[in-house]
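Taking it in order: structure first as structure tokens, then the write-up.
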Amino acid sequence: MSVLTVKNLGISFGGLRAVDNFDISIENDELVGLIGPNGAGKTTIFNLLTGVYIPTDGDILINNKSTLGKKPNEIVMLGSSRTFQNIRLFKNMTVLDNIKIAYHNRMSYGLFGSIFKTKKYRLEENKAVQIASELLDVFGLDMYKNDLAKNLPYGKQRKLEIARALATNPKILLLDEPAAGMNPQETEELMETIKLLKKQFDISILLIEHDMRLVMGICERIVVIDYGKIIAKGNPEAIRTNPDVIKAYLGE
Amino acid sequence: MDKLKQLHKTLVNNKFINYTVVFFIFIILFLLINSGVINRYLSNLIIMILIMIVMATSLNIATGFLGQLHLGHAAFMGIGAYTAGIIGIALQDVIASDLLLFLVATFGAMITAGFAGFLVGTPALRLRGDYLGIMTLGFGEIVRTVITNLKSITNGAQGLSGIPRIMTFPIAFWTTVIVVTLIFLFMNSRHGRAIISIREDEIASESVGINITRYKLLGFILASMFAGVGGSMFAFKESFLAPISFNFIKSVEIFVIVVLGGMGSLSGSIIAAIVLVFLPEYLRDFNQYRYLLYSSVLIIIMLYRPQGLMGTKEINFIKIKTWIKSKYTKVFLKGSD
Amino acid sequence: MELFINQLINGLNTGSIYALVAIGYTMVYGIIKLINFAHGEIMMFGAYFAFVFAYMIPWNLPFILIIIISMILAAIMGMLIERIAYKKLRKAPRISALITAIGMSLFLQNLALLIFGASYKRMRPLVSTEPVHLFGFNISKLTLITIGLSVFFMMVLTFFIHKTKPGKAMRAVSQDKGAAILMGINIDNIISLTFAIGSALGALGGIFYAMAYSQIYPTLGVMPGLKAFIAAVFGGIGNITGAMVGGYLIGIIETMTKAYISKQWVDAIVFGLLILILLFKPSGLLGKSTKEKV
């Protein structure tokens with residue numbers, strides 16, 4: 001079953017056509033890479049998929065439901081979740097609370113429950129702590145759970161952001177340059193984590209990345225864009241040797 | 001004896017220790033006021049401090065926790081004060097109990113102030129940062145002009161007089177305790193967390209499924225409603241209201257308390273309210289320098305300690321107790337060596 | 001009709017003052033993205049400087065010299081404020097800088113209160129207010145000078161911004177600070193220069209304002225400051241031409257509201273206008289809209 005289907009997606013900023021005629025379909029459990037030179041429109045595509053930008057044309061389906069006309073927080077409820085190129089954590093909140101925020105919509109106690117600490121409040125809060133701790137454990141962050149997010153080392157912050165995205169229980173995870181700013185060892189570690197979480201959480205992943213070793217190493221399928229248009233699709237081997245891709249990256 | 005032990009245990013039990021401390025503060029102040037050790041002037045000052053605590057903790061919801069620059073908080077206080085004052089005048093012969101009259105008037109004040117918060121918040125919260133600040137400031141000035149010009153209801157610039165002077169220390173104290181407790185409990189729920197996450201990063205908050213429009217509005221309305229409570233307390237304490245009491249300078253005064261205490265710390269707001277209301281009054285000769293002090297404090301804090309006295313931390317008597325206990329045990333162990 | 005023309009002239013008079021003050025708001029915002037709340041107080045101090053040199057020091061200085069001295073003193077004051085209070089906060093969250101500016105505004109008000117006292121000082125116009133006959137209308141000489149000098153200084157500023165090297169550097173810094181540094185521009189100096197120019201023009205506005213109402217007091221700058229800020233937002237904050245246009249529009253709108261709608265409600269109407277602009281066109285008449293990058 002297709003988790004994410006994008007048809008004929010396009011957006012214009014004034015006269016500039018930033019993304020044009022973009023199609024993609026991601027199946028359950030797939031790991032797809034989205035690459036392209038700087039300014040090709042990769043992050044713009046993510047912003048379209050998550051509702052930060054409103055597309056000029058085309059349609060986006062997540063779990064066969066259209067995201068058009070939905071706000072970013074409603075799109076999350078359809079089953080997609082993302083991380084950001086420049087990490088966006090809730091810096092002055094604890095690591096645990098960063099995850100608990102993402103459980104917000106799976107709790108249901110109201111204002112009354114908040115004030116009188118009803119049974120429902122306690123049950124839901126305790127459960128959130130438990131699930132969050134388990135999730136942190138998977139990422140090896142359990143021991144930091146009472147630290148403020150801003151005090152984590154860079155690599156761990158990246159992981160926390162991924163963990164937080166997972167906490168919304170998505171069917172598809174969108175990772176925007178997860179290895180940006182990491183050293184080779186951290187990148188290696190990240191690759192392991194991505195492989196692991198894909199197995200453990202039964203999700204599909206679409207990732208933007210510049211680190212070719214990571215992309216070629218873990219992606220099953222790669223889509224290459226340039227100037228907002230798809231110039232190549234295929235498995236890592238095919239992409240590596242595709243003349244259009246080489247031209248896009250190295251110029252004529 | 002067993003019963004006494006049981007009582008002692010309940011009182012210093014972790015869960016209750018905060019309430020116990022609050023209760024003892026009340027008893028001590030109450031006895032001091034009733035026995036005349038604290039004179040009328042000072043007890044009035046204490047009530048003023050309590051009002052400023054309500055104003056600062058409520059502004060803290062919008063500015064400290066939600067992270068929105070709000071420069072018109074006094075306007076909501078004014079709306080609450082006038083509502084409560086008008087209800088108080090109308091019903092003083094109908095409702096015999098002072099407490100009941102206060103409660104009814106405060107309820108009215110919360111509704112009008114909350115509604116005003118809704119009216120302003122709905123469009124205003126689309127704006128960011130300084131633009132929102134300017135808009136709330138503009139709204140505050142509009143409210144002041146409206147109050148001044150609606151002579152038939154508010155008696156205009158001359159002011160509204162004849163409000164029953166029913167504010168006593170116990171009513172003010174417990175109203176403040178209830179407001180602060182409600183805000184504290186609210187902030188420690190999923191709703192409070194959602195509000196804080198908006199302060200931290202709006203875009204990230206939205207990306208994990210928080211309806212930021214809804215929570216911004218909720219935070220803004222709650223802040224306004226509790227400002228209405230502060231206004232009601234003020235009306236029944238002063239017995240006289242003039243539009244000038246709720247101008248931009250008043251909004252800034254409240255704002256300074258929140259910033260000094262630490263944006264996002266309720267105990268910080270409480271301490272800062274005590275310090276900033278007490279200090280200038282205590283140093284009477286100093287009074288002409290009062291705002292010079294306020295403004296210098298504001299600038300110096302922003303330059304050298306932008307997070308305020310407390311940052312986002314809270315004073316918690318449970319932690320203090322554990323801390324004292326650990327010290328005590330250490331001393332005890334050393335002694336037995 | 002004659003009443004209307006007279007009101008229009010009054011509007012241009014008030015508008016000139018708002019435009020002069022609005023330029024300071026917009027220039028500072030353009031360059032360091034700060035709403036300089038203390039700008040209204042610079043305006044107030046400018047008026048006090050003129051008062052001191054006109055009435056307290058018996059030198060009998062000519063009007064133009066009094067204006068220039070006051071503008072220079074205000075410029076120095078503006079630069080000092082930036083160095084002392086704002087410079088350290090350039091990289092801090094914008095809310096911190098804004099709070100500092102509010103603090104600075106209160107500080108200066110109370111400083112003036114301490115130095116000059118709370119009582120209103122009578123500021124007799126330094127130029128004759130007798131009417132001049134022009135195109136069949138009687139216009140006071142003060143009004144003519146206000147409008148004339150304001151337009152003159154705005155033209156000088158426009159020339160400076162577009163044709164001189166420091167003016168170009170200023171525009172470069174407001175567009176991209178990083179790139180400006182790489183081009184060898186000393187942004188500290190440029191920021192100081194911006195504050196100096198904005199403050200000087202603000203002081204000029206303050207002097208005209210005090211003469212128009214013949215009085216000076218420590219909170220003189222608050223209301224016209226806010227309205228000039230509205231003018232800056234109206235024209236598109238960060239845009240100097242916008243501030244000038246906005247200043248004149250707000251001046252005319254205010255005067256017309258007073259004359260034809262209501263004297264009491266004029267503040268509510270002007271602030272209501274601000275709110276409408278912020279909601280429907282926050283980028284103003286001539287500004288460009290920006291969105292946060294994700």
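The values are calculated or read from the model by the stated rules, or taken from the named source; none is laboratory data. Small disclaimer: the values here were computed from a predicted structure and weren't measured. For neighbour counting, all protein chains shown are included, and Cβ atoms are generated from backbone atoms with ideal geometry for every residue, glycine included. Heavy atoms of the whole protein, side chains included, go into the accessibility calculation; ligands, DNA and RNA do not. Shrake-Rupley method; radii C 1.70, N 1.55, O 1.52, S 1.80 Å.
In segment A:209-233, which residues are open to solvent by 20 Å² or more (accessible area, probe 1.4 Å), under 30 Å from A:Phe13 (Cβ atoms) and either touching a strand residue (DSSP E or B) at 6+ places or on another chain (Cβ under 7 Å) or in a loop (DSSP other than H, G, I, E, B) (or both)?
Going residue by residue through segment A:209-233, those that are open to solvent by 20 Å² or more (accessible area, probe 1.4 Å) are A:210-213, A:216-217, A:220-221, A:226-227, A:229-231, A:233.
Among the residues that remain, those that are also under 30 Å from A:Phe13 (Cβ atoms) are: A:210-212, A:221, A:226-227, A:229-231, A:233.
Listed by number, the residues that qualify are A:His210, A:Asp211, A:Arg221, A:Tyr227, A:Lys229, A:Ile230, A:Ile231, A:Lys233.
In segment A:199-208, what residues are in contact with a strand residue (DSSP E or B) (Cβ under 7 Å, 6 or more places away or on another chain) and surrounded by fewer than 18 Cβ atoms within 10 Å (Cβ to Cβ)?
Start the filter on segment A:199-208 by keeping residues that are in contact with a strand residue (DSSP E or B) (Cβ under 7 Å, 6 or more places away or on another chain), which leaves A:203-208.
Selection gives nothing.
Determine the pairs where a residue that is facing another protein chain (nearest Cβ under 9 Å), located within segment B:292-311, has a partner that is at pLDDT 85 or above and surrounded by fewer than 18 Cβ atoms within 10 Å (Cβ to Cβ) with Cβ atoms under 8 Å apart, the partner being 6 or more residues away or on another chain.
From residues that are facing another protein chain (nearest Cβ under 9 Å), the pairs are B:Leu292/C:Leu111; B:Leu292/C:Leu114; B:Leu303/C:Lys88.
Would it be correct to say that B:Ala116 is within 21 Å of B:Ala242 (Cα to Cα), open to solvent by 10 Å² or more (accessible area, probe 1.4 Å), over 15 Å from the mean Cα position of the chain (by Cα) and without any contact (Cβ under 8 Å) to a residue 24 or more places away in the chain? Write out each step before concluding.
Values: within 21 Å of B:Ala242 (Cα to Cα): yes; open to solvent by 10 Å² or more (accessible area, probe 1.4 Å): yes; over 15 Å from the mean Cα position of the chain (by Cα): yes; without any contact (Cβ under 8 Å) to a residue 24 or more places away in the chain: no.
For B:Ala116, the condition - within 21 Å of B:Ala242 (Cα to Cα), open to solvent by 10 Å² or more (accessible area, probe 1.4 Å), over 15 Å from the mean Cα position of the chain (by Cα) and without any contact (Cβ under 8 Å) to a residue 24 or more places away in the chain - is not met.
Of everything in segment A:57-80 that's among the basic types (Lys, Arg) and farther than 13 Å from A:Val3 by Cα, which residue is surrounded by the fewest Cβ atoms within 10 Å (Cβ to Cβ)?
Among them, the one singled out is A:Lys71.
Tell me which of these B:Leu103 doesn't satisfy, since it passes every other one: (1) at pLDDT below 90; (2) of a type in the set (A, V, I, L, M, F, W, C); (3) open to solvent by 40 Å² or more (accessible area, probe 1.4 Å).
It is condition (1) that B:Leu103 fails.
Is it true that B:Phe118 is among the aromatic types (Phe, Trp, Tyr) and within 14 Å of chain C (Cβ to nearest Cβ)? Outline the logic, then answer.
Numbers: among the aromatic types (Phe, Trp, Tyr): yes; within 14 Å of chain C (Cβ to nearest Cβ): no.
For B:Phe118, the condition - among the aromatic types (Phe, Trp, Tyr) and within 14 Å of chain C (Cβ to nearest Cβ) - is not met.
B:Leu66 versus (1) away from chain C (no Cβ under 14 Å); (2) over 28 Å from B:Glu281 (Cβ atoms); (3) not acidic (Asp, Glu): which is the lone unmet condition?
If we test B:Leu66 against (1) away from chain C (no Cβ under 14 Å); (2) over 28 Å from B:Glu281 (Cβ atoms); (3) not acidic (Asp, Glu), just (1) comes out false.
Give the residue that is surrounded by the most Cβ atoms within 10 Å (Cβ to Cβ), with candidates limited to residues of segment C:104-139 that are aromatic (Phe, Trp, Tyr) and part of a loop (DSSP other than H, G, I, E, B).
We begin by selecting, within segment C:104-139, every residue aromatic (Phe, Trp, Tyr); these are C:107, C:116, C:120, C:135, C:137.
With part of a loop (DSSP other than H, G, I, E, B) added as a condition, the list becomes C:120, C:135.
Working: C:Tyr120: 13, C:Phe135: 6.
Result: C:Tyr120.
Could you please find all residues in segment B:312-334 being at pLDDT below 80 and assigned to a loop (DSSP other than H, G, I, E, B)?
Within segment B:312-334, the subset at pLDDT below 80 is B:316-334.
Within segment B:312-334, just B:Asn316 meets the criteria.
Within segment C:280-287, is even one residue in a helix (DSSP H, G or I) and within 13 Å of chain B (Cβ to nearest Cβ)? Explain how you work it out, then say what you get.
Going residue by residue through segment C:280-287, those that are in a helix (DSSP H, G or I) are C:280.
Now restrict to residues that are within 13 Å of chain B (Cβ to nearest Cβ): C:280.
Checked segment C:280-287: at least one residue is in a helix (DSSP H, G or I) and within 13 Å of chain B (Cβ to nearest Cβ).
Among residues belonging to segment C:76-100 that are among the β-branched types (Val, Ile, Thr) and open to solvent by 10 Å² or more (accessible area, probe 1.4 Å), point out the one that is nearest to the other protein chains (Cβ to nearest Cβ).
C:Ile95
Determine which single condition B:Gly78 fails, assuming it passes every other condition in (1) within 12 Å of B:Ser224 (Cβ to Cβ); (2) not in a helix (DSSP H, G or I).
(2)
Given the condition open to solvent by 20 Å² or more (accessible area, probe 1.4 Å), in contact with a Ser or Thr (Cβ under 7 Å, 6 or more places away or on another chain) and facing another protein chain (nearest Cβ under 10 Å), answer yes or no: does some residue in segment B:134-156 qualify?
no
Which condition from (1) in contact (Cβ under 8 Å) with a residue 60 or more places away in the chain; (2) away from chain B (no Cβ under 13 Å); (3) of a type in the set (Ser, Thr, Tyr) is the one that A:Ser66 breaks?
(1)
Please specify each residue of segment C:249-261 satisfying the condition of being open to solvent by 20 Å² or more (accessible area, probe 1.4 Å) and either among the hydroxyl-bearing types (Ser, Thr, Tyr) or under 30 Å from B:Leu292 (Cβ atoms) (or both). Steps first, answer last, please.
Of all residues in segment C:249-261, those open to solvent by 20 Å² or more (accessible area, probe 1.4 Å) come to C:249, C:252-253, C:256, C:258-261.
Within segment C:249-261, C:Tyr260 is the sole residue that qualifies.
Please specify each residue of segment A:58-88 satisfying the condition of being among the basic types (Lys, Arg) and either in a loop (DSSP other than H, G, I, E, B) or out of contact with any helix residue (DSSP H, G or I) (no Cβ under 6 Å at 6 or more places or on another chain) (or both).
Going through segment A:58-88, the residues among the basic types (Lys, Arg) turn out to be A:65, A:70-71, A:82, A:88.
Scanning segment A:58-88 gives A:Lys70, A:Lys71, A:Arg88.
Could you say which residue among C:Gly24, C:Gly46 is under 21 Å from C:Lys177 (Cα atoms) and either in a helix (DSSP H, G or I) or out of contact with any helix residue (DSSP H, G or I) (no Cβ under 7 Å at 6 or more places or on another chain) (or both)? Working first, answer last.
Numbers: C:Gly46 fails: under 21 Å from C:Lys177 (Cα atoms).
Going through C:Gly24, C:Gly46 in turn, just one is under 21 Å from C:Lys177 (Cα atoms) and either in a helix (DSSP H, G or I) or out of contact with any helix residue (DSSP H, G or I) (no Cβ under 7 Å at 6 or more places or on another chain) (or both): C:Gly24.
Let me confirm something: among B:Leu260, B:Leu309, B:Leu303, which residue is surrounded by fewer than 23 Cβ atoms within 10 Å (Cβ to Cβ) and either of a type in the set (D, E, K, R) or assigned to a helix (DSSP H, G or I) (or both)? Steps first, answer last, please.
Working: B:Leu260 fails: surrounded by fewer than 23 Cβ atoms within 10 Å (Cβ to Cβ); B:Leu309 fails: either of a type in the set (D, E, K, R) or assigned to a helix (DSSP H, G or I) (or both).
After applying the criteria, what remains is B:Leu303.
Cβ contacts < 7 Å: first residue within 12 Å of chain C (Cβ to nearest Cβ) and open to solvent by 10 Å² or more (accessible area, probe 1.4 Å), restricted to segment A:34-50; second residue assigned to a helix (DSSP H, G or I) and not acidic (Asp, Glu), any location; separation 6+ or different chain. Result?
A:Thr50/A:Pro72; A:Thr50/A:Ile75; A:Thr50/B:Ser207
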